[in-house]
1. Do you know which residues across the range 24-69 are open to solvent by 40 Å² or more (accessible area, probe 1.4 Å), in a strand (DSSP E or B) and under 26 Å from GLY103 (Cβ atoms)?
2. Tell me the residue from SER202, SER191, SER155 that is farther than 20 Å from LEU71 by Cα and out of contact with any helix residue (DSSP H, G or I) (no Cβ under 8 Å at 6 or more places or on another chain), please.
3. Condition (residue is closer than 29 Å to ALA230 by Cα and open to solvent by less than 30 Å² (accessible area, probe 1.4 Å)) applied to the range 109-125: is it met by at least one residue?
4. Scan (1) away from ligand 1 (no atom under 14 Å from the Cβ); (2) farther than 23 Å from GLY173 by Cα; (3) β-branched (Val, Ile, Thr) for the single condition ILE81 breaks and write down its number.
5. Consider LYS92 against the criteria (1) more than 16 Å from THR22 (Cα to Cα); (2) surrounded by 15 or more Cβ atoms within 10 Å (Cβ to Cβ); (3) more than 8 Å from ligand 1 (Cβ to nearest atom): it satisfies all of them except one. Which criterion is unmet?
6. In the range 177-193, what count of residues is obtained for those that are buried (at least 19 other Cβ atoms within 10 Å of the Cβ) and either assigned to a helix (DSSP H, G or I) or basic (Lys, Arg) (or both)?
Amino acid sequence: MTTTPTGVDPALRSTAAAARATDLCKVYGEGETQVIALDSVSVEFHQAEFTAIMGPSGSGKSTLMHCMAGLDTISSGSARIGDVELTTLKDKKLTQLRRDKIGFIFQAFNLLPTLNALENITLPMDIAGRKADQAWLDQVVATVGLAGRLKHRPSQLSGGQQQRVAVARALAGQPEIIFADEPTGNLDSRSGAEVLGFLRNSVREMGQTIVMVTHDPVAASYSDRVVFLADGQIVDELRDPTADSVLDRMKRFDAKGRTS
Ligand SMILES: Nc1ncnc2c1ncn2[C@@H]1O[C@H](COP(=O)(O)OP(=O)(O)OP(=O)(O)O)[C@@H](O)[C@H]1O
Ligand SMILES: [Mg+2]
């Protein structure tokens, strides 16, 4: 595993793709019930960059996350994590890759209720039989501000704290990329801001790569780049977004996400 860079030079950021989709298509169902969820999507997610994915409901955001994270199969095209083409992997290798190289944060925190915070954080590594790097784990726990809560079970934590456990769990194994599907969707704005600030810091200070789906222009403003999806296609992109510039861009789309 590579060491984690600190203070990533922005000039170095765009050089390498942590993940890449090329002409990625995802079709659900057949005949009359067929849905083209992703229609020839090509996009790169750069290392040590925080990318937000936005678009109307049903535009394919979750499908893109799931296909890129190897949680769903693709119909045609290519999905790569680093140099690895996901479509060439058999089940076992795919499971290994997901476990070792990918972190996923869901809208519902998906913590195990019977395990305490620390046990939840280290669960993926425990399953993999890997020992957590203690210094790294300490740093992650300190940064998410959970040091005083490690013995608490999820039911004893606030929503924001539970999501921070889920974020720490995703970061603990130092994955090459983290996919987050509306990670702040269930949080009030203060807890949401905490989680977003933490995600951004992990990109800035630890060189983490994050791709996050959100509906919220304020959440998107924490990212380095916003990619807009509509009807299963990428329709636009915005660098160094502010909440206002994202909102502006959204206003120029009609309900289907097309520019008017
Ligand atoms: N398992 C499935 N079977 C059939 N169709 C599906 C399935 N999953 C998603 N779809 C369809 O694919 C399209 C894209 O869905 P997706 O969940 O990716 O949208 P989304 O952009 O994440 O929306 P939201 O913002 O509401 O979460 C939708 O039309 C949806 O109905
Ligand atoms: Mg979704």
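1. Hits for the range 24-69 are TYR28, SER42, GLU44.
2. SER155
3. Checked against the condition, which is being closer than 29 Å to ALA230 by Cα and open to solvent by less than 30 Å² (accessible area, probe 1.4 Å), the range 109-125 yields no hits at all.
4. Of the numbered conditions (1) away from ligand 1 (no atom under 14 Å from the Cβ); (2) farther than 23 Å from GLY173 by Cα; (3) β-branched (Val, Ile, Thr), the odd one out for ILE81 is (2).
5. (2)
6. Total meeting the criteria: 1.
The values are calculated or read from the model by the stated rules, or taken from the named source; none is laboratory data. All figures in this text were calculated on a predicted structure; none of them were measured in a lab. All Cβ positions, glycine included, derive from the backbone under ideal geometry; neighbour counts span all protein chains shown. Just so you know, the surface numbers come from the protein's heavy atoms only, side chains and all, with ligands and any DNA or RNA stripped out. Shrake-Rupley method; radii C 1.70, N 1.55, O 1.52, S 1.80 Å.
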